[in-house]
Amino acid sequence: MTVMSTMTPSSTVLLRRATIDDLQPLVRLAQLDSRRLPKGPYLVAEDDGRLLAAVVIASDDAFADPFAPTAAAIELLRARAAQLRAVDRPAYRPWVGLRAQFPAFRSS
């Protein structure tokens, strides 16, 4: 049996956050990759309405269609997930602790 991918080097792949409507396609994608669906939230790579790959935002855990060339899509998903984690991480602000310890640092 020959499996052909419709994804070509010039294909446009859409990266986006998964929604509740993606649950069944995500389960199917995980099954294709011989695994259970990990806990989300997820970023997904989609080509012409078909999910090719997904990454768990918090952990970079990836799963993909083994019958499609998805290495580049996974790399992009992981890069985007890293960007999202950096934005969601609270900024390091050492002076916040100082305000609690020293009244002089409290703003009026």
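The values are calculated or read from the model by the stated rules, or taken from the named source; none is laboratory data. Treat the numbers as computed from the prediction; the structure is a model and nothing was measured. Glycine also receives a Cβ, built like all others from the backbone with ideal geometry; neighbour counts cover every protein chain displayed.
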Qualifying residues in the range 25-42 (those that are surrounded by fewer than 16 Cβ atoms within 10 Å (Cβ to Cβ) and out of contact with any Leu (no Cβ under 9 Å at 6 or more places or on another chain)) - the one nearest to residue 85 (Cα to Cα): 41
Pairs with Cβ under 8 Å, 6+ apart, first in the range 21-45 and without any contact (Cβ under 8 Å) to a residue 12 or more places away in the chain, second part of a loop (DSSP other than H, G, I, E, B) and hydrophobic (A, V, I, L, M, F, W, C): 27/37
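Let's see how each residue does on (1) at pLDDT 95 or above; (2) of a type in the set (Asp, Glu); (3) surrounded by 11 or more Cβ atoms within 10 Å (Cβ to Cβ):
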residue: 44; (1), (2), (3): yes, no, yes
residue: 56; (1), (2), (3): yes, no, yes
residue: 62; (1), (2), (3): yes, no, yes
residue: 94; (1), (2), (3): no, no, no
residue: 98; (1), (2), (3): no, no, yes
